[in-house]
Every structure is written in C-alpha cells, then in structure tokens.
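*Asks:* Below is the structure I would like to discuss, written out as structure tokens.
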Amino acid sequence: MQDDAELNAHELLLRLAGRLSDDQLWRFRDWLASGALPVLCRVLPRALLHDRIGLTVQEHGQLRAIGAAPGLASSVLGLDEVPAHRYTFSSESPDQAVTGDSVGVVLGATLRNRVGVGDVRCSWRHAVGEPSRRVVLASATADHHRLTGEVQRMLRALGEHDPCVEVLPQGFELTPYHLAALDVSDLLCTGAADLVHS
C-alpha cells in the first residue's frame, strides 16, 4: 500500500498544478517518484514562500502531513479557497494537424492495458504569452507518484522539457484546473483498471 506521506505529497502537488511553475512542479514530482520526500519537505515550503503561493486549510494539513517543518509550513500564506487558474484548454495542439501526435502514440503504446492504470487522456493548455503545453491526465489505483515520474521521464525523452503529468488517485477531488483540462481531453488509451474520473 502506498505510504500516507507519499500520497499526501502527490495529492498536494496535484492541487498545486497551475499554481506552481511547470519547471518546479515536474522537478518536485520527480523527486517524490525517486524517493526524495525529505528533500521535497524542505524545498516545497520555501518555494511556496518565495513565490507567495498560498494554501487552503486542507493543503496546509497535507504540507504538515508530509513532514514539512512546522515553522516553515505555518509561514505559508493561508487561503480561503483555491484561486482561479489563468489557463484555457483545448483538445488539439495548434501544430497537431500538421505534425501528428507521435508522443500520444508512444504514450498509448506504453500505458495501454497497464495494470493499475485507468483512462489516459490528453488536453492542451494555453495562456497568453506562453507556448501551448500538453497535459497528460491518467487515473490510477496505486503508486501514483511513481507512475507520474515514469510518464514525466518518458515525455522528457521525447523532447518535452517541463512535462505536465497529472496522475489522479481514485476518489481525488478534482480541482478547477483538472476539471477544465479533462472537460476537453481526448482519450489516448485505457489501462487494465476500471477507473473513470467525471
């Protein structure tokens, strides 16, 4: 069974999607997947303080539950609710019609019929002044942080510098960011687990 601290860390990083920078988020997730939770516990609160990113009461609880120093955790700004994200999402990349989606083909071939994996979906995120970004959304029954790390490494090998990978645990309360991404997402493949996030 997945360790409670790792699950709390994974869920907290999910909640911070669209709030932390992509560069920070993939690195923090990679550390978690690599077993470096103690490093994450030290660095994440400092990143939140540096970038003035606040947390809700639930998120503060998760930050403390992963082992962050109480003094650092309590210094992070408190929020009554999650702030609105600044992104729009679509089902296609602006370049996809011309180049096809070879990355999606590789993801589908790798994760299709995988034990413990449900639906694997993809949408494209857009913001003014930023390039469009692929967002991979997958449901899974266990080892969420390890699956995240695996897919991130695969995407980096395929040329995506700051991969956006959202592996959603069963029963996770989807954030507005994830709901917006899922709403327009396309199905890449289905694993062996019967999991669907609505």
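The values are calculated or read from the model by the stated rules, or taken from the named source; none is laboratory data. None of the values given here were measured: they were computed from a predicted structure. Here Cβ is always computed from backbone atoms with ideal geometry, including for glycine, and neighbour counts include all displayed protein chains. In case anyone asks, the SASA skips ligands and DNA or RNA and just uses the protein heavy atoms, side chains included. Shrake-Rupley method; radii C 1.70, N 1.55, O 1.52, S 1.80 Å.
*Asks:* Rounded if a/c is under 1.5, else prolate if a/b is larger than b/c, else oblate: which is segment 1-57, with a ≥ b ≥ c the root eigenvalues of its Cα gyration tensor?
*Replies:* Prolate shape, in that a/c is at least 1.5 and a/b is the bigger ratio.
*Asks:* Hey, what did the chain get for relative contact order, percent, Cα under 8 Å, at least 6 apart?
*Replies:* This gives 26 percent for the chain.
*Asks:* If you don't mind, there's one more thing I want to ask. Could you work out the Rg to Rh ratio of segment 52-165, with Rh taken as the Kirkwood radius (inverse of the mean 1/r over all Cα pairs)? Each step should come with its number before you reach the end.
*Replies:* Values: Rg = 17.3 Å, Rh = 16.7 Å.
Radius of gyration over Kirkwood radius for segment 52-165 works out to 1.04.
*Asks:* Here's something else I'd like to know. With every protein chain kept in place and ligands, DNA and RNA left out, what is the accessible area per residue of segment 1-50? Probe 1.4 Å, answer in Å². Please report the intermediate quantities before stating the final value.
*Replies:* Numbers: 2070 Å² over 50 residues.
Per residue, segment 1-50 has an accessible area of 41 Å².
*Asks:* Additional query: Please figure out what share of the DSSP beta bridges in the chain is antiparallel and state it in percent, rounded to the nearest 5.
*Replies:* 70 percent
*Asks:* Counting only protein heavy atoms and a 1.4 Å probe, tell me what percentage of the chain's accessible area is made up of carbon and sulfur.
*Replies:* Ligands and nucleic acids excluded, carbon and sulfur reach 52 percent.
*Asks:* Would you mind checking the tilt of helix 102-111 against the longest principal axis of the Cα atoms of the chain, expressed as 0 to 90 degrees and rounded to 10?
*Replies:* The angle comes out near 70 degrees.
*Asks:* Which of rounded, prolate, oblate describes segment 117-198, given a ≥ b ≥ c as roots of the alpha-carbon gyration tensor eigenvalues and a/c under 1.5 marking rounded, otherwise prolate only if a/b is larger than b/c?
*Replies:* oblate
*Asks:* Which number comes out as Rg/Rh for the chain once both Rg and the Kirkwood Rh are worked out on C-alpha atoms?
*Replies:* Working: Rg = 16.3 Å, Rh = 17.1 Å.
Rounded to two decimals, Rg/Rh equals 0.95.
*Asks:* Moving on to the next point. Relative contact order (percent) for segment 132-198, with alpha-carbon contacts under 8 angstrom and 6 or more residues of separation?
*Replies:* So the answer I get is 43 percent.
*Asks:* Could I ask something else about it? Tilt of helix 144-157 relative to the longest C-alpha principal axis of the chain, in degrees (0 to 90, nearest 10)?
*Replies:* Taking the Cα atoms of the chain, the angle to 144-157 is about 60 degrees.
*Asks:* Now for a different question. Compute the orientation-averaged projected area for segment 19-107 from the convex hull of its Cα atoms and round it to one decimal in nm².
*Replies:* About 7.7 nm², averaged over all directions.
*Asks:* Sticking with this structure for a sec: Put a dot 7 Å past each Cα toward the Cβ at L49 and R112; how far apart are the dots in nm?
*Replies:* If labels sit at R112 and L49, their model points lie 4.9 nm apart.
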